[in-house]
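So the structure is just underneath, and the comments pick up after that.
Read-outs: derived from the displayed coordinates by stated rules, not from any lab. On a predicted model such as this, the values are computed, not experimentally measured, just so you know. All Cβ positions, even for glycine, are placed from backbone atoms using ideal geometry, and neighbour counts span all protein chains on display.
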Amino acid sequence: MKTSTKYLIALVAMLLGGGWWLFNNSANTSVVASQQNVDMAQAINECDAITEKAAANLVAIVEYQKLEIAGRKANVFKICMKDHGYIENPAWTKYATPIAEHNAKTSNTSVDEAFENLRRTHMVLVTSKQDEPLFWTPARPS
């Protein structure tokens, strides 16, 4: 393959990647840019990788084991984020409580289960919508 063809393919790939990035970022206009914390994003990514490694050898055969693995992953993630200097945001807890109560009624589950499902979903998010607090906050404000 000629060198110029390789450069052309690389250029097209970069243009497609840039277009995809622009499309995704323009679609998320409700995301508050000021809440994007690079350190927190890095901690979340590192903790997510650690969580996956911690559960890589666990195999679920029955439903209970799937729930146990999900619980272990969430616990490892929380411990990792605490080690990185983050705690669960009290504002998020206040925000999520009525949502969990509503979800519990609609899905016919307990409030605790609905709240834990919300927690597991939101703990890995780096950004939030404008009217929604982030799950994590620094343990010691800087």
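Please work out if ASN117 is buried (at least 16 other Cβ atoms within 10 Å of the Cβ) and within 17 Å of the chain's Cα centre (by Cα).
yes
Could you tell me whether region 95-106 includes any residue that is touching a Phe, Trp or Tyr at 6+ places or on another chain (Cβ under 6 Å) and within 29 Å of VAL38 (Cβ to Cβ)?
The answer is no, given that none of the residues of region 95-106 is touching a Phe, Trp or Tyr at 6+ places or on another chain (Cβ under 6 Å) and within 29 Å of VAL38 (Cβ to Cβ).
Which of the residues that make up region 128-138 are within 13 Å of the chain's Cα centre (by Cα) and assigned to a loop (DSSP other than H, G, I, E, B)?
SER128, LEU134, PHE135
Can ASN103 be described as free of Cβ contacts under 8 Å to residues at least 24 places away in the same chain, within 22 Å of CYS47 (Cα to Cα) and surrounded by 15 or more Cβ atoms within 10 Å (Cβ to Cβ)?
no
Residue by residue through region 40-72, note down the ones that are of a type in the set (D, E, K, R) and either touching a Gly at 6+ places or on another chain (Cβ under 8 Å) or without any contact (Cβ under 8 Å) to a residue 24 or more places away in the chain (or both).
GLU52, LYS53, GLU63, LYS66, GLU68, ARG72
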